[in-house]
Amino acid sequence: MITIAPVLETPNLILRGHSAADYDRLAAMWADPLVVKHIGARASTAQEAWFRLLRYMGHWPALGYGYWAVCERESGLYIGDVGLADHKRGLHPEFDATPEAGWVITPPMAGRGFATEATQAILDWYEASYGRARTVCMIESVHTGSIRVANKLGYERFAEITMPAGPVSLFQRL
């Protein structure tokens, strides 16, 4: 089983495992109201950001997959997170126990195709490492940008649920 995030390179990005050195950038990103607008609508506290970072790193030895830090190739700047996780959400029988894809790019870097590029790279890696398998993602139903990303990646909506912040669409990629 893979226990650490491999480095993945795309034309514009370098995806690498998170480290404690990423904390300040990660905490700032997850405290940004624009970042969390469609992800629960509440900025993360410093402690929640720290726990997120630890969760990202802990997925790898436990499950053989996890999250990567997204860095712009040209500058090396940390610009987001992308990966697969098992959040044990208990949302829907066809959603749980399936690797859940997620992506977030800092607002100044959004709209350049980086979320699609990064997520395609990790899905390609996952399939090369574990074979073609179903993955899922959840997106707030009004977040058209992320829905476009999901559609470009081959995800199809299969259910709608209501979360405390509002309606959420569940997607799958077979």
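The values are calculated or read from the model by the stated rules, or taken from the named source; none is laboratory data. If you're wondering where the values come from, they're calculated on a predicted model, not measured in any experiment. All Cβ positions, glycine included, derive from the backbone under ideal geometry; neighbour counts span all protein chains shown.
Here Trp60 fulfils each of the conditions (1) in contact with a helix residue (DSSP H, G or I) (Cβ under 8 Å, 6 or more places away or on another chain); (2) closer than 26 Å to Phe171 by Cα; (3) at pLDDT 95 or above apart from (1). Among residues of the stretch 136-162 that are at positive phi, those with a Cβ under 6 angstrom from a residue that is assigned to a strand (DSSP E or B) and surrounded by 14 or more Cβ atoms within 10 Å (Cβ to Cβ), sequence gap 6+ or separate chain, pair up as Gly154/Arg173. Taking the criterion of being without any contact (Cβ under 8 Å) to a residue 24 or more places away in the chain and not basic (Lys, Arg), the residues of the stretch 78-107 that qualify are His87, Gly90, Pro93, Asp96, Ala97.
State yes or no: is Ala49 outside any loop (DSSP other than H, G, I, E, B) and either exposed (fewer than 14 other Cβ atoms within 10 Å of the Cβ) or in contact with a Cys (Cβ under 6 Å, 6 or more places away or on another chain) (or both)? No: the conditions fail for Ala49. Would you mind stating whether Glu140 is touching a strand residue (DSSP E or B) at 6+ places or on another chain (Cβ under 6 Å), acidic (Asp, Glu), surrounded by 14 or more Cβ atoms within 10 Å (Cβ to Cβ) and more than 18 Å from Trp60 (Cβ to Cβ)? For Glu140, the condition - touching a strand residue (DSSP E or B) at 6+ places or on another chain (Cβ under 6 Å), acidic (Asp, Glu), surrounded by 14 or more Cβ atoms within 10 Å (Cβ to Cβ) and more than 18 Å from Trp60 (Cβ to Cβ) - is met.
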